[in-house]
Amino acid sequence: MKKFILLFGTIVIIVITTQCNKSDSNQVKQLSINYPSVGRWGDNVLCIKDSSMIDPFKDFSFTANLQADAQLKIIMTNLSIAEKAGWFFDINSNDGWNITVYDNGSHQQIFTSRKAGVLDLDMTFLGPGKCNIDIYENNSITITKSIFLRWN
């Protein structure tokens, strides 16, 4: 009986150890994305504090730094009441973003990464206005970070 208990105990320990090692080896590698506080064009819109009031007469960077194989999708939603309020960017400054045409129905524009490394875009705001920026990292279906901005 003692041999049976000893053998059974050994088998249980081996199974538990094997399962722990399997779960560690199956963990998804976290792909790094960071948002510098300043980009080529100025303060980074993507790391401004939530619910901030920003200066519409200033140039901003729309910038992120992606590790190889990282993916980034950003949906900007215009919440402005004023018809002409919104964000604008210099398409010639675009470095690494795929940008959809602004959708007048949903009041949204989608920005997706098209490369690793530093992505940047010169962006300005015309107002008075407000928007919500929803950030989705590494093909997540849930929002990783959300930023609400206002400008006058």
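Observations
- Peptides 93-104, 55-66 ranked from most to least packed give 55-66, 93-104, packing being the mean of other C-beta atoms within 10 angstrom over each peptide's residues.
- Total lysine pairs under 22 Å (Cα atoms) in region 33-151, excluding pairs fewer than 8 apart on one chain: 12
- Counting 0.36 nm for each residue step from N139 to N104 and taking away their Cα separation leaves a gain of 10.1 nm.
- Other residues within the sphere of radius under 12 Å centred on the Cβ of S51, judged by their own Cβ, net out at +2 (K and R +1, D and E -1).
- Taking every C-alpha pair closer than 8 Å and separated by at least 6 residues, the mean separation divided by the residue count of region 33-151 gives a relative contact order of 34 percent.
- Ordering 70-76, 119-125 by mean Cβ neighbour count within 10 Å, with the highest value first, yields 119-125, 70-76.
- Placing +1 on the Cβ of every Lys and Arg and -1 on the Cβ of every Asp and Glu, with no other charges, gives region 33-151 a dipole of roughly 140 debye about its Cα centre.
- Pairwise centroid distance, computed over Cα atoms, of region 88-152 with region 55-85, Å: 3 Å
Just so you know, all these numbers are worked out from the coordinates, no wet-lab data involved. If you're wondering where the values come from, they're calculated on a predicted model, not measured in any experiment. Glycine also receives a Cβ, built like all others from the backbone with ideal geometry; neighbour counts cover every protein chain displayed.
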